[in-house]
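Visitor: I have a structure I would like to understand better, so I am pasting it below and will then ask my questions one at a time.
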Amino acid sequence: NLFYLGMNNKYKPFDDVRIRKAIAMGIDRQRILDNFYPKGSKLATNFTPCEIANGCAGDDWYAFDPEAARALMVEAGYADGFKTKLFYRDVVRSYLPEVGQLAQEIQSQLLNNLNIQAEIVVLESGEFVASAGEGRLEGLHMYGWIADFPHITNFLDTHFGATSIRFGTLPPEIYEPIQKGAQVADPAKAEPFYAEANNAIRDFVPTIPMIHAVSAAAYKADMENAAASPLSTDNFAVMDPGGRDMIVWMQSAEPISLYCADESDSESLRACAQVVEPLYSYVPGGTDIQPALAKSCEPNEDLTVWTCQLRENVKFHDG
């Protein structure tokens, strides 16, 4: 997963790359990691976690350098800072624990390090998700991403594809290598494209990658086969709740919708994972794949056509 601080370059002063870079260099991400995240969480060196192939191809993100950040502010004509807003939804995520306190920490750092006065604005979850995706948040916003599948396209395509408007207008230097990399099946051969894309994101600074957080899933001690999915699609059907006939699960929010084919938030997808099965699934607690509704799938030579042998007599978990 990733917690990031988003901006939109169609709104002033975020249309100036020097301002975006100043904010990237003017926030002490290590302090945030140390004070707000559980052990095992990591400082983001790129937008995609390094555990995913090519996620960290290219150069590392900017180090904390408030003096250089303030110099950029002066160069851009904002020696005295400016006023803006800091949006978030009051919903806990694995990538955003203690979200209200985190917002206050970022607000304080912006003021102390860059003289940026950020008014905190809390939005309802659905409104926030829609506004961020449609590029309607005029200021900074605290958001993140939990992987739906362990491939770099899941992080980069959604946020930096040619049609994405969540950060404003993106240059082709970002989305063209992403498009090329997505067409290469071999991760080693795709690496140069993703290094180019990651470096372009670093140069253009449409957003600031902050923290990759560890899972916060916990179970009662008598839960058998308990596992925490790194993709937030925990499979309750393989678990035994200690002889009880019900599993009670607490998550950070209600599902936004159960129209499963059109959802992207983890709360909805976790519920959908209990009733909708794909051709292949993930081994509980990991990202290795195993057959599900398909017994096997085989591609043709250029990987453009896949032929799947389906299981027969498939039943729901309750028979």
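Visitor: Residue by residue through the range 111-126, which ³J(HN,Hα) values in whole Hz follow from phi under the Karplus form 6.51 cos²θ - 1.76 cosθ + 1.60 (θ = phi - 60°), with glycine and proline marked x?
Guide: Result, rounded to whole Hz: 6, 6, 8, 10, 6, 8, 8, 9, 7, 7, 10, 9, 10, 4, 4, x.
Visitor: Among 105, 176, 124, which one moves the most in a GNM of the chain with springs linking Cα atoms closer than 10 Å?
Guide: The residue that fluctuates most here is 124.
Visitor: Okay, moving on. If I stretch the segment between residue 59 and residue 318 completely, what's the gain in nm (0.36 nm per residue apart, minus their alpha carbon distance), one decimal? Walk me through the intermediate numbers first.
Guide: Details: separation 259, 0.36 × 259 = 93.24 nm, distance 5.01 nm.
My answer for the length gained is 88.2 nm.
Visitor: For residue 305 and residue 214, compute 0.36 nm times the residue count separating them, minus their Cα-Cα distance, and round to one decimal in nm. Write down the numbers at each step before the final one.
Guide: On the way: separation 91, 0.36 × 91 = 32.76 nm, distance 3.67 nm.
That works out to 29.1 nm of additional length.
Visitor: Okay, moving on. What is the magnitude of the charge dipole of the chain about its Cα centre, with +1 placed on the Cβ of each Lys and Arg, -1 on the Cβ of each Asp and Glu, and no other charges, expressed in debye to the nearest 20? Please report the intermediate quantities before stating the final value.
Guide: Details: 25 positive and 44 negative charges, 126 e Å.
That gives a dipole near 600 debye.
Visitor: Calculated FRET efficiency, residue 15 and residue 43, Cβ-Cβ r, R0 30 Å, to nearest 0.05?
Guide: Step by step, r from the Cβ atoms, then E = 0.60.
Visitor: Right, next: Go ahead and set up a Gaussian network model of the chain, Cα springs under 10 Å, then flag whichever of 93, 31, 20 fluctuates most.
Guide: The residue with the greatest mean-square fluctuation here is 31.
Visitor: Explain nothing, just compute: Karplus ³J(HN,Hα) = 6.51 cos²θ - 1.76 cosθ + 1.60, θ = phi - 60°, for every residue of the range 46-63 in order, whole Hz, x for Gly and Pro.
Guide: Couplings: 8, 5, 9, x, 5, 5, 9, 3, 6, x, 10, 5, x, 8, 6, 5, 5, 7 Hz.
Visitor: Amide H to amide H, which residues 5 or more places from residue 121 or on other chains are under 5 Å from it, using H placed in the peptide plane?
Guide: Here 86, 87, 88 satisfy the definition.
Visitor: Of the listed values (1) 69, 49, 32; (2) 60, 48, 39; (3) 56, 52, 51, grab the one calculated as Cα extents along the principal axes in Å from the structure here.
Guide: Matching the structure shown: (1).
Visitor: Along the positive direction of the dipole of the chain (beta-carbon charges: Lys, Arg +1; Asp, Glu -1; about the Cα centre), which of 285, 185, 45 reaches farthest?
Guide: Farthest towards the positive pole: 45.
Visitor: At 7 Å along Cα-to-Cβ for each site, give me the label-to-label distance between residue 125 and residue 158 in nm.
Guide: In this crude spin-label approximation the distance works out to 1.5 nm.
Visitor: Ok, one more. Kindly state, to the nearest 0.05, the FRET efficiency for residue 117 paired with residue 30, given R0 = 22 Å and r defined as their beta-carbon distance. Could you put the intermediate results ahead of the total?
Guide: Numbers: r = 24 Å, r/R0 = 1.08.
Efficiency computed from Cβ-Cβ geometry: 0.40.
Visitor: Please get the size of the charge dipole for the range 191-234, origin at its Cα centre, with Cβ charges of +1 on Lys and Arg and -1 on Asp and Glu, quoted in debye to the nearest 20. If you can, show how the numbers build up before the last one.
Guide: Details: 2 positive and 6 negative charges, 33 e Å.
It comes to approximately 160 debye.
Visitor: Spelling out what I want: for every residue of the range 297-312, take phi, set θ = phi - 60°, compute 6.51 cos²θ - 1.76 cosθ + 1.60 (Karplus), and round to whole Hz; glycine and proline get x.
Guide: Once θ is set to phi - 60°, the couplings for the range 297-312 become 9, 10, x, 7, 4, 9, 6, 9, 9, 10, 10, 10, 8, 8, 5, 10 Hz.
Visitor: For the range 28-149, which whole percent of the accessible surface, found with a 1.4 angstrom probe, sits on carbon and sulfur atoms?
Guide: Details: 2650 of 5660 Å².
Carbon with sulfur: 47 percent of the solvent-accessible area.
Visitor: Shape of the range 140-200 from its Cα gyration tensor (a ≥ b ≥ c, root eigenvalues): rounded if a/c is under 1.5, otherwise prolate when a/b > b/c, or oblate?
Guide: Working: a/c = 2.17, a/b = 1.35, b/c = 1.61.
Judged from the Cα gyration tensor, the range 140-200 comes out oblate (a/c at least 1.5, b/c at or above a/b).
Visitor: Modelled label-to-label distance, residue 224 and residue 275, 7 Å Cα→beta-carbon offset: nm?
Guide: Between residue 224 and residue 275, the simple spin-label model gives 2.8 nm.
Visitor: So, in nm, how far is label residue 295 from label residue 79 when the simple model puts each one 7 Å beyond its Cα toward the Cβ?
Guide: Here the answer is 7.6 nm between the modelled labels.
Visitor: Next up: Using the heavy atoms of the protein chains alone and a 1.4 angstrom probe, what is the accessible area of the chain per residue in square angstrom? Walk me through the numbers on the way to the answer.
Guide: Working: 16490 Å² over 319 residues.
On a per-residue basis, 52 Å².
Visitor: Quick one: work out the % antiparallel among DSSP beta bridges in the chain, nearest 5.
Guide: The antiparallel fraction comes to roughly 70 percent.
Visitor: So who's got an amide H within less than 5 Å of the one on residue 45, skipping anything under 5 residues away but keeping other chains? H placed 1.01 Å off N, in plane.
Guide: Long-range HN contacts for residue 45: none found.
Visitor: Taking springs between alpha-carbon atoms closer than 10 angstrom, which of 140, 123, 170 fluctuates most in the Gaussian network model of the chain?
Guide: Highest fluctuation among the options: 123.
Visitor: How many angstrom lie between the Cα centre of the range 251-311 and the Cα centre of the range 20-96?
Guide: Centre-to-centre distance over Cα atoms comes out at 32 Å.
The values are calculated or read from the model by the stated rules, or taken from the named source; none is laboratory data. From a predicted model like this one, the values you see are computed outputs, not experimental measurements. Positions of Cβ are generated from backbone atoms using ideal geometry, with glycine treated the same way; all protein chains shown enter the neighbour counts. In case anyone asks, the SASA skips ligands and DNA or RNA and just uses the protein heavy atoms, side chains included. Shrake-Rupley method; radii C 1.70, N 1.55, O 1.52, S 1.80 Å.
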